[in-house]
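The values are calculated or read from the model by the stated rules, or taken from the named source; none is laboratory data. Since the model is a prediction, treat every value here as computed from it, not as a measurement. Glycine also receives a Cβ, built like all others from the backbone with ideal geometry; neighbour counts cover every protein chain displayed. Heads up: the accessible areas ignore ligands, DNA and RNA and are worked out on the full protein's heavy atoms, side chains in. Shrake-Rupley method; radii C 1.70, N 1.55, O 1.52, S 1.80 Å.
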Amino acid sequence: MRFPIVRATLLFVALILGGALLFLFDFYEVASQRFNMLLLLALLLGKAAYFVWALLRWIRKSVASSYYLTYMTGFFLVHVLLVVLSFGIDYYCLFRIDPAAFAMPAGPPGEWRQLLTFIYFSLGKFTTAGGGELHPATAVGQCCASVEMALSYFTTVLVIANLSHLQALFGRKPGGPAPE
């Protein structure tokens, strides 16, 4: 494929669509509230695992190909935006499944406003700049926010700050000497 960023994001977009499908499950009451929450948690953990795997895979490919190295910034940007958007949708779905999952500051606004509020909340969690005006009030909400914060930490501290070290590690041949 000519644009590897597009190929790398296709599964992630499919996982976001899974969140939209979960919203429809809840809207049409296809399954119980408990089942929808478990499905949401499984989807969330799957997205987080895929994001970490895709990030490490892209770094590994950037060692062997200058093409991947050239587009690494774009890859990071697209994936961070997808993480924020997908977690925002997940928070919104969780709130629709269980309104007690989040403490909203001034009562629940309109549905589009709620979605934007949860995307804002997701961006705040990912950048660690979020305030306390909206916060998870149940264990499931706290687990969701914790997964996003761990993913944020992994992305910023462990990957971006140590990018050259990871590239050197992936570029080393098994059993060969460490690069100087």
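Of the residues contained in region 156-169, none is found to be open to solvent by less than 40 Å² (accessible area, probe 1.4 Å) and at pLDDT 75 or above. Scanning region 30-53 for residues being open to solvent by 50 Å² or more (accessible area, probe 1.4 Å) and in contact (Cβ under 8 Å) with a residue 24 or more places away in the chain gives a total of 2. Within region 12-53, being of a type in the set (Val, Ile, Thr) and either part of a helix (DSSP H, G or I) or under 13 Å from the mean Cα position of the chain (by Cα) (or both) holds for Val13, Ile16, Val52. Candidates Thr73, Thr9: the one that is of a type outside the set (A, V, I, L, M, F, W, C), crowded, with 16+ Cβ neighbours inside 10 Å and assigned to a helix (DSSP H, G or I) is Thr9. Scanning region 126-138 for residues that are in contact with a helix residue (DSSP H, G or I) (Cβ under 9 Å, 6 or more places away or on another chain) and free of Cβ contacts under 8 Å to residues at least 12 places away in the same chain yields Ala129, Gly130, Gly131. Residues to consider are Phe87, Phe27, Phe23; find the one that is hydrophobic (A, V, I, L, M, F, W, C), exposed (fewer than 13 other Cβ atoms within 10 Å of the Cβ) and closer than 24 Å to Thr138 by Cα. Answer to the check: Phe27.
Are any of the residues in region 132-145 farther than 21 Å from Leu22 by Cβ and open to solvent by less than 30 Å² (accessible area, probe 1.4 Å)?
The answer is no; no qualifying residue exists.
Looking across region 91-125 at every residue that is in contact (Cβ under 8 Å) with a residue 24 or more places away in the chain and among the charged types (D, E, K, R), the one that is surrounded by the fewest Cβ atoms within 10 Å (Cβ to Cβ) is identified as Arg96. With respect to being among the polar types (S, T, N, Q) and out of contact with any Leu (no Cβ under 9 Å at 6 or more places or on another chain), Ser66 fits the description. Only one entry of Arg96, Arg113 meets the criterion of being at pLDDT below 90, basic (Lys, Arg) and more than 22 Å from Ala48 (Cβ to Cβ), and that entry is Arg113.
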